[in-house]
1. What nm value, rounded to one decimal, do you get for the distance between K175 and Y6 when each label is placed 7 Å out toward the C-beta?
2. Cut-off under 27 Å on the C-alpha distance; same-chain residues fewer than 8 positions from K69 excluded. Which lysines are left, in chain and number order?
3. I need the Debye-formula profile for segment 1-70: one equal scatterer per C-alpha, no solvent, reported as log10 I(q)/I(0) at q = 0.12, 0.13, 0.28 1/Å, two decimals.
4. For segment 137-193, what are the per-bin percents of Cα-Cα distances with bins 10 Å wide, up to the bin holding the maximum?
5. Quick one: L65, L25, L159, fewest Cβ neighbours within 10 Å first, how do they rank?
6. Could you please state, rounded to a whole Å, how far the C-alpha centre of segment 1-57 is from the C-alpha centre of segment 153-194?
Amino acid sequence: MSSAPYGVRLLVGAAATAVEETLRLPQTILTYPMTVASQVAQLFMKVQQDMAELVNKGDETLEQLFPPKDEQPEWATFDEDLDDTEHHLNGHDIDIPIVDDGARLTEGRFALFSDGAADTQPAPAKAEPAGPVQAPAIADSLDYASLTLAQLRARLTSLKVADLQDLLTYENLTKARAPFQTLLSNRIARATAK
């Protein structure tokens, strides 16, 4: 222990602290803007939280003083308010055909999501084969029948033009799925253009 008086020890300690802080000043100056920005952001979020709590408390108080009316506006109609065949659109009655199982028929761009019974345009005519269609060797090796469009797209770069043409012919004779036909046709065009 030191035998120096209390005041002297206090002054020496303050001077040592000042020297230490002066040596750390370059580091402190570099981090100070981030510290200030962090503290300002924290303060701003705290003010927002406090304001949100006050608004919620105000809403609760207003609901107690003036209970909300549970009436539905006259313009608002919901599917459960209507019967199965009559629907209203902007005040006009419209008829939407209903399939026996209760599903709505759709047309146009929404036909993609229908069950196929609502297709208004005939499917592209697929060539009717004289007998059962024999799958080409490439279709068997790829297990083509079980591939999704994305899986087929991933395998296209490794196929030869002749294999692609065989797959396109096979697709045209069997399922005639437009996305598959387009994908195969485009790949054939790109491969032959090289």
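1. That separation, rounded to one decimal, is 9.2 nm.
2. Within the straight-line limit of under 27 Å, K69 reaches these lysines: K57.
3. -0.65, -0.69, -1.10
4. 24, 67, 9
5. On the way: L65 7, L25 11, L159 19.
Final ranking by Cβ density, sparse to dense: L65, L25, L159.
6. 69 Å
We did not get these values from a lab; they are worked out from the coordinates using the rules stated. Note that the structure is a prediction, hence the values are computed from the model and not measured. Note: ideal-geometry Cβ built from the backbone for every residue, glycine included; neighbour counts use all protein chains shown.
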